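Accompanying notes for the structure given below.
The values are calculated or read from the model by the stated rules, or taken from the named source; none is laboratory data. The model shown is predicted, which means the values in this text are computed figures rather than measured ones. Every residue, glycine among them, receives a Cβ derived from its backbone with ideal geometry; neighbour counts consider all protein chains shown. Surface accessibility is based on the protein's heavy atoms, side chains included, excluding ligands, DNA and RNA. Shrake-Rupley method; radii C 1.70, N 1.55, O 1.52, S 1.80 Å.
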Amino acid sequence: MTITALELPTDDAHDWLTDRCDGALDDARTLVERLKQGTVTDVLATWNAVQIELGNAAAAASLFSEVHPDAGVREAADEAAQRVDDYSTELGLDGELFAMLDKAEPGDDPDAQRLLDLTRRDFRRAGVDKSDVDRERLRELARAELTTGQQFAKNIREGVRSIAVRPEQLAGMPQDWLDAHPAGPDGTITVTTDYPDSVPLMTFCADRGVRAAMTHERNNIAWPANDAVLAQLFGLRQEHAALLGYANWADFDAEVKMIGEGKEIRTFIDKITDAANDRALADKQILLDRLHQDHPDVEDVTAVDTAYYSELVRKEQHDVDAQLTRTYFRFDRVRQGLLDVTGRLFGLEWKAVPEVTVWHADATGYDVLKDGEHIGRIYLDLHPREGKFKHAAQFTLVSGVDGVQLPEGVLVCNFSRGLMEHDEVVTLFHEFGHLVHHVVGGQAQQWNRFSGVATEWDFVEAPSQMLEEWAWDASVLATFATNDEGEPIPADLVARMKEADEFGKGFMARTQMFYAAVSLGLHVDRPEDMTSYLQQTQRKYSVFPPLPDNHFHCSFGHLDGYGSGYYTYMWSLVIAKDMFSAFDAGDLFDQDVATRYRDTVLGMGGRKDAAELVRDFLGRDYTFDAYADWLEK
C-alpha cells in the first residue's frame, strides 16, 4: 500500500481544520467504545489507533493556531485543541478503559511491554485512581490550564511593540537592514520587537539610548496582561500536582524526565552556575572595560549593552566583524546549504514540492527520500508576519506510524529574507535538528507513542544542539556560505569566529541558569510579586543586574510549554557535547559514525530511555566531562 502525504486545505482552512480534528475525535470515540465493550481482538493495537487519531487532531490544531494568517482560523484551531484536550483528559480518567488496558497482554514484544508500562503510568498520573470529586476537578483543571496557556501564547503573538527612531540614531546598522527600514512620513523609522528588527538593532546600533528603548519594549511584551495569566496558570498547576499527591508542579513534571526529581533541578542549576562562575566574571569584566571606554559613568553592564559590546569585543579583540561575516549568509543560500548538509550527513534527500498546498506563500514543502523511497514530508515557514508564532520551533503535523502514515513536520522561525547573522544560522541548524529527529524517528514505528521526538523532555534538545556543531565547521560552511561574488567564507575567518564565540559562554551559561531558576521558582515558590522575584533571581544567577520596569516573564514563552523545566536546555547540552565527542572533528561526514548515530539515537524515537540510547551510541554512559572541557576552553 502506498501511503501519501496529508493534503492541506486549498480554500476553506476553517472547515478542513474542523473536519480533521472532529473527524479524528469521532473515530477515536468509536474505537474507545469498542475497547470498553471488549469487542476488539488486540487491545494495544486498538489503543494505538486511538492515539494516532488524537495525535493527528492535536497536531493540526497546534500548528494552525500558531501559523495560519487568518485570525479566525487561529481561533478555531485553539478551540479544536480544547476539544482534543478535553477528550484526552476524559480518557485518562476513565477507570473502565484503564481496566481494559491494564490487563492487555504485550506478548514477547519489548516495545509493546514498554508501551503498556508507560500507558499505566500515564493513567496514574492523569488521576484515574482518584475519587469522583477529584477526577472531576482534574478535568476542570486540565481545561483551564490549556486555555490559560493559549491566552498566554496569544498575548505574546499579538503583543508586538515598537520604537520610533530617527535615521541619524542608527549609526552602525548594516546597510541591508537600513534599506529594509525606510523612514515614514514623519521622518522616523519604526523598529519592532520582532527578531529580524530588534536583534540586529541590539547587536549593531551604537546609540545606547536607542538600545535602551528597545530593551525596555522587549522586556515588556505582553505586560501587564500575562502577569495575571501566569499567576492563574501557576495556581492551576499547583492544584493539579497537589491533587495527584505531589508537593509541587516541578515534582510532578520531573518524574517523567531523565532528572527524575524536582529537587534535582535546583541541584543541577547550581552545579552549572558554579562551573561557569569564574569564566563568566572574567568575560563580564572584559565587557565592562570596553563599555567604560565609551561610557565611563555607566556603573555596570546590563541587557542594554551585552549584545552590542560582545560584538565589539569579538570585532576588536578577535578580528571578527559580524557585518562582514553576515555577507556570507544570504538566507536562500543558507537554506539550501542546510538541506544539502543534513541530507549528506543523514543519508536523506529533501525534494522540493513546488505544487504543494500551504497555509501561506512563505511556507515551502519538501518530500523526504531515503534510498529513493518517500519516507515523509517537511514544511519550512521561516519569515515573520503578523499573528504568527514569534520564536523558533518544530511543530508536528503527522507522526509516522509504520503502514499507516508518513511523518510530517513543520519548522516555524522568524528570519530575515536577506542576510543572516551567524547566530541565526546556528539557530536554523538547531531547529532543523528537531525536524530530522521527527522524520527519522518516525520510521518503522509500530506504536504512535514512540514516533519521532518521543524521548524524555530533557533529552529532546540534545540532537539539535549537537547539529549546531556543523554550522561552526569551516569545511561545512564553505559548501554554502558564499558572498555575492561567489567566494566561500575563509577558513581563517571561521577559526576566528569560533575563537570569538568562546567569549561570553560563561556568562551565557549563567544567564541560562537564571532563566532555568525562574521557570523552576515561579512554579515552586509561586511568589505574589513575580517582577520582584524575577529581579531577585537574576541577581543570584546572572552576572548582569536586572533593569527597572522589566517584566520579561510575561513574554517568556517557555513558561507554558516547558513549565518548570527550562533547565532541560543545559541538561541536553551536557549530553550533546558528550555525543559530539564520538565524531571526528576532521571529518564531520564520517558515514560510519553518522549512520550509527542516526540509527541508534534518532531512528529509535522513544523506544528506549534516553540514557540507553546514548549508551548504545557511545558504548558507555554519558558524562559531564566533555561539557566541562568545553566550558573551560
With every protein chain left in place, what is the accessible area of residue 522 in Å² (1.4 Å probe, nearest 10)? 0
Please give the helix 530-541 orientation as an angle from the longest Cα principal axis of the chain, in degrees from 0 to 90, rounded to the nearest 10. 70
I need the peptides 204-210, 471-477 ranked by packing, meaning the mean over residues of other C-beta atoms within 10 angstrom, with the highest value on top. 471-477, 204-210
Gyration tensor (Cα) of the chain, equivalent ellipsoid semi-axes in angstrom: 39, 28, 25
Is it possible to state the helix-based mean residue ellipticity at 222 nm for the chain, with each DSSP H run of 4+ residues giving -39500 (n - 2.57), the sum divided by total residues, to the nearest 500 deg cm²/dmol? What is it? -18000 deg cm²/dmol
Sequence ranges 584-596, 361-373, 413-425, ranked by mean other-Cβ count within 10 angstrom, highest first: 413-425, 361-373, 584-596
Select from 401, 184, 628 the residue farthest towards the positive end of the dipole of the chain; place +1 on Cβ of Lys and Arg, -1 on Cβ of Asp and Glu, and compute about the Cα centre. 628
How far is helix 505-524 tilted off the main Cα axis of the chain, in degrees rounded to 10, range 0 to 90? 40
Please compute the modelled spin-label separation between residue 137 and residue 40, points set 7 Å along Cα→Cβ, answer in nm with one decimal. 3.2
Measure nothing fancy, just the Cα-based angle from helix 331-346's long axis to the longest principal axis of the chain, in degrees from 0 to 90, nearest 10. 50
Phi-based couplings in Hz for segment 349-366 (Karplus 6.51, -1.76, 1.60; Gly and Pro marked x): 10, 9, 9, 4, 10, x, 8, 5, 7, 10, 7, 7, 4, 6, 7, 10, x, 9
Sparse-neighbourhood loop sites, chymotrypsin sites (Phe, Trp or Tyr not before Pro) in segment 232-325 - DSSP loop, at most 16 other Cβ within 10 angstrom: none
Quick check: residue separation of residue 96 and residue 528 times 0.36 nm, minus the Cα distance between them. What number comes out in nm? 151.4 nm
Only sites in a loop by DSSP and with at most 15 other Cβ atoms within 10 Å count here; which GluC sites (Glu not before Pro) in segment 257-329 make the cut? 261, 299
Which listed pairs, of 154/577; 284/577; 271/498; 271/633; 315/540; 388/505, have C-alpha distances above 27 Å, in listed order: 154/577; 315/540; 388/505
Accessible surface of segment 84-235 [probe 1.4 Å, protein heavy atoms]: carbon and sulfur percent: 51
Integer Hz, Karplus 6.51/-1.76/1.60 couplings in order for segment 247-253, x for Gly and Pro: 5, 7, 5, 4, 5, 4, 5
Towards the positive end of the charge dipole of segment 466-531, with charges on Cβ (+1 Lys, Arg; -1 Asp, Glu), say which of 521, 479, 507 has the farthest Cα. 521
At 1.4 Å probe radius, can you tell me the per residue accessible area of the chain in Å²? 40
Projecting each Cα onto the charge dipole of the chain (Lys/Arg +1, Asp/Glu -1 at the beta carbon, about the Cα centre), which of 582, 329, 366 comes out farthest on the positive side? 582
Would you work out the charge dipole size for the chain about its Cα centre, treating the Cβ of every Lys and Arg as +1 and the Cβ of every Asp and Glu as -1, and quote it to the nearest 20 debye? 760
Using the Karplus curve 6.51 cos²θ - 1.76 cosθ + 1.60 with θ = phi - 60°, what ³J(HN,Hα) values do you get for each residue of segment 462-469, in whole Hz, with x for Gly and Pro? 4, x, 6, 5, 5, 5, 4, 4
Rounded to whole Å, give me the distance from the Cα center of segment 123-193 to that of segment 565-627. 33
